[in-house]
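Everything on this sheet refers to the single structure shown next.
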Amino acid sequence: MLTDITDDDVAKLVAWRRGHRVIRSKGAKRENCPLISNATVNRSTTEVLKKLFTRAKIAWGVRFDREPRWRAHKLPEPQERVRELVGDEGERLDAATRDDYAPLFDFVRAGGQRKAECYTLRWPEVNWDAGQIVRKGKGDRRITIPITPTIRSILWPLRGQHPEFVFTYVAQRTRGKRIKGQRYPMTKSGLNSRWRRMRTAAGVGDFRFHDFRHDLGTKLLRETGNLKLVQRALNHADIKTTVRYAHVLDSEVADALQRVGEKSRKKSRTPLREVS
């Protein structure tokens, strides 16, 4: 019974879940696979159970005399970093990009989309007349991506390369059902492999694919100073996610504080008129 679940039960559940591992391939030895992250434990186990308790209270009128202290069971998660391209890193990545993969990387840098929202893009989702790309994003939410002149210049030349998928690659050799020189839809594994090679060749080892998204977010906020605009551009469901980029405005905050401070000092030094 839900009403019988105690703090001790939840603690045991969390400890059991922390022992699970990420099995990335068939036949992989369990002991060689990494443990799942604290974030995975929190989101897939503890928070799900907490929501069940909330549902029971609101919808079913259940009363809990000993509801677990959920905060005590939340595992610490590292704060996600915000990384952007600096110096000549962008040019080095461009130079290391194979020609058939270049449109996808141009697209992610121009639109800041998640990896899965790029390589799975289909032509029916591209509405030229409306000037929008409309599709399902993270959590099956409906997202819209404006077709800016830059994005249009990236996608327009790709028409006719494949009847369904927007981004394709050219097979470098004949293998299985693939024929050398022909185009095929990009796959997650193929994109990951190509990205690792690009990153190594460019010497940008600490830059993840998802950091393209962070790169656009920081540059967009620095350009506009508008958090709501950045939230909309990156299709964040919650502006709390967007707030991570606020650090780029620190210099502007410092400048504003300095201007106010200078004005205050000038006022304090202005001699008062004598009252007759």
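The values are calculated or read from the model by the stated rules, or taken from the named source; none is laboratory data. Here the structure is a predicted model, which is why all the values come from computation and not from measurement. Positions of Cβ are backbone-derived with ideal geometry, glycine not excepted, and every protein chain shown enters the neighbour counts.
For this structure, a couple of remarks:
- Pairs with Cβ under 8 Å, 6+ apart, first in segment 163-190 and free of Cβ contacts under 8 Å to residues at least 24 places away in the same chain and under 17 Å from T97 (Cβ atoms), second surrounded by 11 or more Cβ atoms within 10 Å (Cβ to Cβ) and aromatic (F, W, Y): G190/Y169
- Considering only residues in segment 24-53 that are surrounded by 14 or more Cβ atoms within 10 Å (Cβ to Cβ) and farther than 19 Å from P76 by Cβ, the one that is farthest from the chain's Cα centre (by Cα) turns out to be F53.
- Qualifying residue in segment 105-120 (condition: of a type in the set (K, R), in a loop (DSSP other than H, G, I, E, B), within 30 Å of K50 (Cα to Cα) and out of contact with any Gly (no Cβ under 9 Å at 6 or more places or on another chain)): no
- Single unsatisfied condition, D100 versus (1) exposed (fewer than 12 other Cβ atoms within 10 Å of the Cβ); (2) in a loop (DSSP other than H, G, I, E, B); (3) at pLDDT 95 or above: (1)
- Of residues in segment 127-154 being under 13 Å from P103 (Cβ atoms) and touching a helix residue (DSSP H, G or I) at 6+ places or on another chain (Cβ under 7 Å), the one surrounded by the most Cβ atoms within 10 Å (Cβ to Cβ): I154
- Looking across R222, R208, R194, R199, one residue alone is surrounded by 12 or more Cβ atoms within 10 Å (Cβ to Cβ), part of a loop (DSSP other than H, G, I, E, B), in contact (Cβ under 8 Å) with a residue 24 or more places away in the chain and of a type in the set (K, R). It is R208.
- Residue in segment 27-43 that is touching a Pro at 6+ places or on another chain (Cβ under 9 Å) and part of a helix (DSSP H, G or I) present: yes
- Scanning segment 108-137 for residues that are hydroxyl-bearing (S, T, Y) and in contact with a Leu (Cβ under 7 Å, 6 or more places away or on another chain) turns up just one, Y119.
- In the condition set (1) closer than 28 Å to R152 by Cβ; (2) over 22 Å from the mean Cα position of the chain (by Cα), E89 is compliant with all but (2).
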